[in-house]
Amino acid sequence: MSSLISLSLVMVCGFILCAVSQLPTALAFVGFHAAPKRISTLYATSSSDDGVIQPHIVILGGGFGGINSALTLPTLPWSDVAQGSGTASVKPRITLIDKSERFVFLPLLYELCVDDASIDEVAPTFKSLLSGVGTNKLSTLSGLPDLSDALQLLSGESNDDDETKEGNCEVSFLQAQVEGIDANNNQVVINRSSGIETINYDALIIATGAEVSCDAVPGASQFALPFYTVEQCFELKRRLSLIDNYLEEVRASSELGQSTNVVVVGGGYSGVELALNLVDRLGSNDVQVTLVHRGKQVLEYATEHNRNAGMERLKSAGVNVMTSTSVAEVSSWDDGTHSDNMSETLRKQLCTVKLTATNESIEDEGEPETTQLATTLLLWTAGSTPTSIRNAGIRNSVLPRDAMGRILTSPTLNVANYPNVFAIGDCSRPKKVPYPGTAQVAMQMATVASWNIYATLSKKYSGREQDSLKLLPFSYLNLGEMMTLGTNDATISTLGGIELSGPAASWLRRLVYAVRMPTPGQGLFAAVDGSSRKLARGALEMLEENRSPWTGSEQVDEIKE
């Protein structure tokens, strides 16, 4: 009976969170270098014989902000506008550009690494997500509701023409590397397999996100493995398999093997989640997991409930937490004492991590305290920056940015002197104190930026100031946060004051993430696939403990066999 009550509680909380999670959707310096010689120009603004104007909207980056912009824009009421003596129908073409062919749902990336989720759940292709978007079937394919009425209400406008609800916009995906932005000429320069190309735009959304950079620490780029992409996920899976093989051979030979240490740099959400899941994956008897954080406490930006739950779980899992500590240098670990059971591939990733205390209490006159950690696997989740240090990508432009490379915008998310250029997510800074670098911030910004682009283009093609729609300032609504604390453990705190930890929170987390997938089809697949995998893992664990997953009783010999 208690299990039934717990499951009911999870379902009720899930429906509440799913409803609340939709609220923000409606509430919501280097000059450009000379272009290469061989350049072809794509996607100029077009106008057809039947009076349809097709302004081109370009979205750079396919993270949470970019994909949700591509899904939101077609839901807006693109309609007939007055132009001269007649009218013209505005039906924009929307192009999403990303260097990868897959969208990555980052909160579930570790689940993909340990086969608790499939690649189609965590990293569907952009083409599959955008299939059918922009057609009259959008309402059944898009992960977002029709936002036109709510956004018009917030902007003080109204629209009585129901025939303009369906956008019939052309939405496409282009896999390419962004080389620069020529904001003065409304062009983006990209690099494809066919060569360098330029793309004209009438409106631009920059949503390239942040990337992990370890260039500032000597040796870190050679040995550290960031954990933000599908490729890095599969590389971690490969390295964990090498460690498994090594530990198995050491146990079989009864040899005193080399100590196995895993070091995770960064005590934010990603670092804590990764450290705890690695303990579950590798075990705490043979492997020591160390979490290094330069701040005074881990999870410093988390809610009090989640921070306390995370710190308690780190302690109980035996994770060695080192706060007020920075990585000063990473070098090769080759002292000639490595076990014969260690593969050559595993040997190459062994390193020594030099740590320096950053506690303010240390006297300036004295040498900072240092520690050397012999490390088998070094993972890096710290040092996120909007772009790399080099003047490439969005940094190859005249757009204003701060010291961290974030593009400076107005509260309406567009750039000063470039009203048709918008920046959202981790690569933008619309106020003095930056917003948290989370998915929900990027998704809420996508909704506001999409409406403001609609308003900007409507004004441009109407040619009449009085017909212009109001731009909406961005206002962030914090819905709470969720964290995984292990294979069957999580912690949740929400806007409505719901606080939950443990296995029930782990189930609820997967349910909420399924709802927040970009499209309903993707959400349904995530809910079914995620639930089946969690049930299968739970049943397997119960069988290994010689208990029935249905009755909890001891297994009979027939079931064992």
Whole-percent pair-distance distribution, where bins are 5 Å wide, for the alpha carbons of the stretch 261-308: 5, 22, 29, 22, 13, 7, 1
Once both labels are modelled 7 Å past Cα along the beta-carbon direction, what's the residue 185-residue 221 spacing in nm? 3.0 nm
Would you grab the residues whose amide H sits under 5 Å from the one on residue 332? Only those 5+ places off in sequence or on another chain, please, with H modelled 1.01 Å from N. 352
Listed residue (476, 434, 454) projecting farthest to the positive dipole end of the stretch 417-493, Cβ model: 454
For the stretch 189-245, what is Rg from Cα atoms divided by 2.2 N^0.38 Å, rounded to two decimals? 1.71
Hz values of 3J(HN,Hα) by residue in the stretch 308-319 - Karplus curve (6.51, -1.76, 1.60), Gly and Pro given as x: 5, 4, x, 5, 5, 5, 4, 5, 5, 7, x, 6
Multiply the residue separation of residue 259 and residue 524 by 0.36 nm, subtract the distance between their alpha-carbon atoms, and state the gained length in nm to one decimal. 91.0 nm
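Given R₀ = 60 Å, what would the calculated FRET efficiency be for residue 316 paired with residue 416, taking r from the Cβ atoms and rounding to 0.05? Each step should come with its number before you reach the end.
On the way: r = 50 Å, r/R0 = 0.84.
After rounding to 0.05, the efficiency reads 0.75.
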A 25 angstrom limit on the alpha carbon distance is what I want to check against. Which of 296/534; 91/460; 99/237; 127/432; 91/459; 296/432 exceed it? 296/534; 127/432
Label-point separation in nm, residue 498 to residue 470, each point 7 Å along Cα→Cβ: 3.3 nm
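Calculate what fraction, in whole %, of the accessible area of the stretch 413-546 sits on carbon and sulfur atoms when a 1.4 Å probe is rolled over the protein chains.
Details: 3180 of 5540 Å².
C and S atoms contribute 57 percent here.
If I stretch the segment between residue 194 and residue 115 completely, what's the gain in nm (0.36 nm per residue apart, minus their alpha carbon distance), one decimal? Display every interim value, and only then the final one.
On the way: separation 79, 0.36 × 79 = 28.44 nm, distance 3.59 nm.
Here the segment from residue 194 to residue 115 would lengthen by 24.9 nm.
The values are calculated or read from the model by the stated rules, or taken from the named source; none is laboratory data. Everything quoted here is computed from the prediction, not taken from an experiment. All Cβ positions, glycine included, derive from the backbone under ideal geometry; neighbour counts span all protein chains shown. Heads up: the accessible areas ignore ligands, DNA and RNA and are worked out on the full protein's heavy atoms, side chains in. Shrake-Rupley method; radii C 1.70, N 1.55, O 1.52, S 1.80 Å.
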